[in-house]
DNA sequence: GCCAACGTTGGC
DNA sequence: GCCAACGTTGGC
């Protein structure tokens, strides 16, 4: 059963255009250091799941396009690298603490479905991203929410 | 830049 | 196990 996710990224650090330029449009979703987000990747994602790509912490936060889960879960190697900004000395290859999946670029919408616009759409009102104080960088999305956002994004 | 909300850490 | 202190996220 295909599932759907919203994944945040700061475009300053890694935008949807950056993803589209990666080899095969595919890149490990590294640097996640939150247990809930890790558990979604480790326990609940499957290859082919739909991903809404969300730009956060930027002038126009919102959903900018689509990606998909492109691998089974495996250890986040940046945690083992002392030179990485994501280094975690408590993680090691024998007992990796941080797990990720690869994400593949699917499409960039002709326009951004902004957070402000999302707040005006009744069918989206239960989305985690719209709840006060939510900071989780990976959240599950219902099919009806995903479908509506795709429609809004393509209708540019 | 501000600040509310949240997660993690560590002393006890 | 409690909880204060601290660091981070992210909209505005």
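The values are calculated or read from the model by the stated rules, or taken from the named source; none is laboratory data. These numbers were taken from a predicted model, which means no experiment stands behind them. Note: ideal-geometry Cβ built from the backbone for every residue, glycine included; neighbour counts use all protein chains shown.
Residues to consider are A:20, A:46, A:91; find the one that is away from DNA strand C (no atom under 16 Å from the Cβ), crowded, with 20+ Cβ neighbours inside 10 Å and more than 13 Å from the chain's Cα centre (by Cα).
On the way: A:20 fails: crowded, with 20+ Cβ neighbours inside 10 Å; A:46 fails: crowded, with 20+ Cβ neighbours inside 10 Å.
Just one listed residue meets the conditions, A:91.
Tally time: how many residues in the stretch A:135-147 are more than 16 Å from DNA strand B (Cβ to nearest atom) and either modelled with pLDDT under 95 or crowded, with 16+ Cβ neighbours inside 10 Å (or both)?
First, the residues of the stretch A:135-147 that are more than 16 Å from DNA strand B (Cβ to nearest atom): A:141-147.
Still in the running and either modelled with pLDDT under 95 or crowded, with 16+ Cβ neighbours inside 10 Å (or both): A:141, A:145-146.
Result for the stretch A:135-147: 3.
Read through the list (1) assigned to a helix (DSSP H, G or I); (2) farther than 21 Å from residue A:145 by Cβ, then give the number of the only condition that residue A:13 fails.
The failed condition is (1).
Only one of these conditions is not met by residue A:110: (1) under 15 Å from the mean Cα position of the chain (by Cα); (2) surrounded by fewer than 20 Cβ atoms within 10 Å (Cβ to Cβ); (3) over 26 Å from residue A:85 (Cβ atoms). Which number is it?
(1)
Would you check which residues across the stretch A:115-134 are surrounded by 11 or more Cβ atoms within 10 Å (Cβ to Cβ), over 16 Å from the mean Cα position of the chain (by Cα) and within 8 Å of DNA strand C (Cβ to nearest atom) and list them?
A:119
Among the residues of the stretch A:59-114, write down those that are touching a helix residue (DSSP H, G or I) at 6+ places or on another chain (Cβ under 6 Å) and outside any loop (DSSP other than H, G, I, E, B).
Across the stretch A:59-114, the qualifying residues are A:62, A:63, A:64, A:65, A:99, A:100, A:104, A:105, A:108, A:109, A:113.
So that you can scan it fast, the table gives a plain yes or no per residue for (1) in contact with a strand residue (DSSP E or B) (Cβ under 8 Å, 6 or more places away or on another chain); (2) within 16 Å of DNA strand B (Cβ to nearest atom); (3) over 22 Å from residue A:142 (Cα atoms); (4) in contact (Cβ under 8 Å) with a residue 12 or more places away in the chain:
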position: A:7; (1), (2), (3), (4): yes, no, no, yes
position: A:23; (1), (2), (3), (4): no, no, yes, no
position: A:49; (1), (2), (3), (4): yes, no, no, yes
position: A:54; (1), (2), (3), (4): yes, no, no, yes
position: A:59; (1), (2), (3), (4): no, yes, yes, no
position: A:62; (1), (2), (3), (4): yes, no, no, yes
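Which residue out of A:43, A:88, A:76, A:72 is away from DNA strand B (no atom under 16 Å from the Cβ) and either touching a strand residue (DSSP E or B) at 6+ places or on another chain (Cβ under 9 Å) or over 19 Å from residue A:109 (Cα atoms) (or both)?
On the way: A:43 fails: away from DNA strand B (no atom under 16 Å from the Cβ); A:88 fails: away from DNA strand B (no atom under 16 Å from the Cβ); A:76 fails: away from DNA strand B (no atom under 16 Å from the Cβ).
Of A:43, A:88, A:76, A:72, the one residue that is away from DNA strand B (no atom under 16 Å from the Cβ) and either touching a strand residue (DSSP E or B) at 6+ places or on another chain (Cβ under 9 Å) or over 19 Å from residue A:109 (Cα atoms) (or both) is A:72.
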